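A.B. asks: Dropping the structure in here first, questions after.
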Amino acid sequence: MSAPGLFDTHCHLDLPELAAELPAFLAAALDAGVRRILVPAVEAARWHGLLQLHQQTSKLKLEVALGIHPWWAESASEAQLDLLAKLLQTESGVCAVGEIGLDFALVKTDEISTQQMHQWQQTIFSAQLVLAAKAGKPVVLHHRKSQPALLAELKRQQFSQGGILHAFSGSQAQAYAFLDLGFKLGIGGTISYERAQKTRETVKKLPLSALVLETDAPAMPLAGFQGQINTPAQLALVFQQLCALRPETPAVLAEALWQNSCSALQLPA
Ligand SMILES: [Zn+2]
């Protein structure tokens, strides 16, 4: 069986940079071989729009995750968490909880308010992990300088639904810490940068079953495209970069990446 195409497991189609010309970006992605895109939410105000995206039918299937991104944690409320719990029960099209996580690279003007903000991120992350477990959904994780804290919370809650560690970068040991908890690793434009030697070496050697592709568009442009808006069509270039690093043939890689994505997100292949 051959893969139907490429799966972008992390693309913010609802953010203004992409939403402004969505049909054109989707047509270009389809031309580039992309057949499925997961759009993770960043804030509650956008959940309704994402549910509408999911209902669009075309050759390019749009999947959605609902959640509150750590950058938006400060404006998160109990009412939003209650709404998330309800939507996870009633909206069968929501495949995962995301984008959730911890961003300890985010700082405020002073040490105390930075600590308070990180603590609040922890509270919101922890609550969303509980909701994901209750709903039996995987999660899409955001991390910056926070891998140990994410792992500690996943273990404390004995979270067993897995999901995707988005924008993986790091060593084999860092990779296996998440693989051992049932996660796959989102591989994006980072591997196109010569300076990302450690991550490139890690990605070369990991089991194929560990990997999924992502663009993180409109963010994270590939090497050579800095300063430009990243788009889902660029997934084809991320795939080419991965093919250059890996021993498998492109056909074998494509098939495995498709299966890995569907299995991490508990979607039918
Ligand atoms: Zn994201």
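The values are calculated or read from the model by the stated rules, or taken from the named source; none is laboratory data. In this text the structure is predicted, and so the values were computed from the model without any measurement. Backbone-built Cβ (ideal geometry, glycine too); neighbour counts: all protein chains shown. All accessible areas refer to the heavy atoms of the entire protein, side chains included, with ligands and DNA or RNA removed. Shrake-Rupley method; radii C 1.70, N 1.55, O 1.52, S 1.80 Å.
A.B. asks: Using the Karplus curve 6.51 cos²θ - 1.76 cosθ + 1.60 with θ = phi - 60°, what ³J(HN,Hα) values do you get for each residue of segment 4-17, in whole Hz, with x for Gly and Pro?
C.D. replies: x, x, 9, 10, 8, 7, 7, 8, 8, 4, 8, 6, x, 4
A.B. asks: If you don't mind, another one. If the limit is 29 Å between Cα atoms, which of Lys108/Lys184; Lys134/Lys204; Lys145/Lys204 go over it?
C.D. replies: On the way: Lys108/Lys184 31 Å; Lys134/Lys204 35 Å; Lys145/Lys204 23 Å.
Listed pairs above 29 Å: Lys108/Lys184; Lys134/Lys204.
A.B. asks: Next up: Just to be sure I understand the model, the point goes 7 Å from the Cα along the line to the Cβ. What's the resulting Thr249 to Val130 distance in nm?
C.D. replies: 5.1
A.B. asks: Considering the options Pro218, Leu38, Leu18, tell which one lies farthest towards the positive end of the dipole of the chain, charges being +1 on Lys and Arg and -1 on Asp and Glu at the Cβ, about the Cα centre.
C.D. replies: It is Leu38, whose Cα lies furthest towards the positive end.
A.B. asks: Which peptide among 114-121, 133-140, 229-236 comes first, and what is the full order, when sorted by highest mean count of other Cβ atoms within 10 Å?
C.D. replies: Averaged packing, sorted descending, gives the order 229-236, 133-140, 114-121.
A.B. asks: Return the sequence-ordered ³J(HN,Hα) values of segment 223-231 in whole Hz as given by the Karplus equation 6.51 cos²θ - 1.76 cosθ + 1.60 applied to θ = phi - 60°, using x for Gly and Pro.
C.D. replies: 4, x, 10, 4, x, 9, 6, 7, 9
A.B. asks: Which order do the peptides 84-90, 199-205 come out in when sorted by mean C-beta neighbours inside 10 angstrom, highest first?
C.D. replies: Working: 84-90: 16.0, 199-205: 17.7.
Most protected by this proxy first, the peptides run 199-205, 84-90.
A.B. asks: Another question about this same structure. Give me the compactness ratio for the chain, meaning the Cα radius of gyration over 2.2 N^0.38 Å.
C.D. replies: Numbers: Rg = 17.4 Å, N = 269, 2.2 N^0.38 = 18.4 Å.
Normalised by 2.2 N^0.38 Å, the Cα Rg of the chain equals 0.94.
A.B. asks: Could you give each residue of segment 23-31 its phi-based ³J(HN,Hα) in whole Hz, using Karplus coefficients 6.51, -1.76, 1.60 with θ = phi - 60°, and x for Gly or Pro?
C.D. replies: Result, rounded to whole Hz: x, 5, 5, 5, 4, 5, 5, 4, 4.
A.B. asks: Considering the zone a paramagnetic label at Trp71 would reach in this model (a point 7 Å from Cα along the Cα-to-Cβ line), which residues of segment 229-246 have amide N under 17 Å from it?
C.D. replies: Answer for segment 229-246: 229-232.
A.B. asks: Using a 10 Å cut-off on Cβ atoms, rank the peptides 170-179, 35-44, 219-228 from the highest mean neighbour count down.
C.D. replies: 35-44, 170-179, 219-228
A.B. asks: R0 = 22 Å: FRET efficiency of Trp120 with Ala219, Cβ-based, nearest 0.05?
C.D. replies: E between Trp120 and Ala219, to the nearest 0.05, is 0.45.
A.B. asks: Would you mind classifying segment 94-217 by shape? Square roots of the alpha carbon gyration tensor eigenvalues, ordered a ≥ b ≥ c; an a/c under 1.5 is rounded, otherwise it is prolate if a/b is larger than b/c and oblate if not. Spell out each step's value before the answer.
C.D. replies: On the way: a/c = 1.91, a/b = 1.21, b/c = 1.58.
Note, shape of segment 94-217 comes out oblate.
A.B. asks: Near Lys86, which aspartates and glutamates are there with a Cα under 20 Å away, not counting those fewer than 8 places off in the same chain?
C.D. replies: Glu43, Glu63, Glu78, Glu99
A.B. asks: Return, ordered by residue number, the residues of segment 214-251 whose backbone nitrogen is under 11 Å from a label point located 7 Å along Cα→Cβ of Ala105.
C.D. replies: 220
A.B. asks: Under a 5 Å amide H to amide H cut-off, with H placed in plane at 1.01 Å, what residues pair with Glu63 once short-range neighbours are removed?
C.D. replies: Ile37, Leu38, Val39
A.B. asks: Averaged per residue, what accessible area in Å² does the chain show with a 1.4 Å probe, protein chains only?
C.D. replies: Values: 11640 Å² over 269 residues.
That works out to 43 Å² per residue.
A.B. asks: By how many nm would the segment from Lys155 to Lys198 lengthen if fully extended, with 0.36 nm per residue of separation less the alpha-carbon distance?
C.D. replies: Contour length minus Cα-Cα distance gives 12.9 nm.
A.B. asks: Report Rg (one decimal) and Dmax (nearest whole number) for segment 58-148, counting Cα atoms only, units Å.
C.D. replies: 14.2, 50
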